[in-house]
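Everything on this sheet refers to the single structure shown next.
The values are calculated or read from the model by the stated rules, or taken from the named source; none is laboratory data. Note that this is a predicted model, so its numbers are computed, not measured. Glycine also receives a Cβ, built like all others from the backbone with ideal geometry; neighbour counts cover every protein chain displayed. When the accessible area is computed, the model is the full protein with side chains, heavy atoms only, and any ligands, DNA or RNA have been set aside. Shrake-Rupley method; radii C 1.70, N 1.55, O 1.52, S 1.80 Å.
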Amino acid sequence: METLAAFPQSSPVRAVPPAVAAGERATERVATPLRFEPTVNNVNVECARRSDGVQVMTFIDRRTGVVISQTPAEQVLAVVDAIVAAIQQREG
């Protein structure tokens, strides 16, 4: 059985500016760079329930549409799905 150490450690997801995502090089500013401050106005929260009943909460940057974080993380959901599939395969 594979250990959980093989999965990446949980850390905040940083949004990538659209210009950088398109392949342009990021340039450093001489002045103090603007920082993203999450507020009610620029973060969208989506709550959903998967078909198996697991609740998923996703935080999205409204400016870029990039997912900031998701609870539970996709890696956790993938492990749960693999475990359920293995149990169903043994029983079936």
How many of the residues making up the stretch 57-86 are free of Cβ contacts under 8 Å to residues at least 12 places away in the same chain and either among the β-branched types (Val, Ile, Thr) or part of a loop (DSSP other than H, G, I, E, B) (or both)?
3
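Table: residues versus (1) at pLDDT 85 or above; (2) open to solvent by less than 70 Å² (accessible area, probe 1.4 Å).
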residue: VAL43; (1), (2): yes, yes
residue: ARG62; (1), (2): yes, no
residue: VAL66; (1), (2): yes, yes
residue: SER69; (1), (2): yes, yes
residue: ALA73; (1), (2): no, yes
residue: LEU77; (1), (2): yes, yes
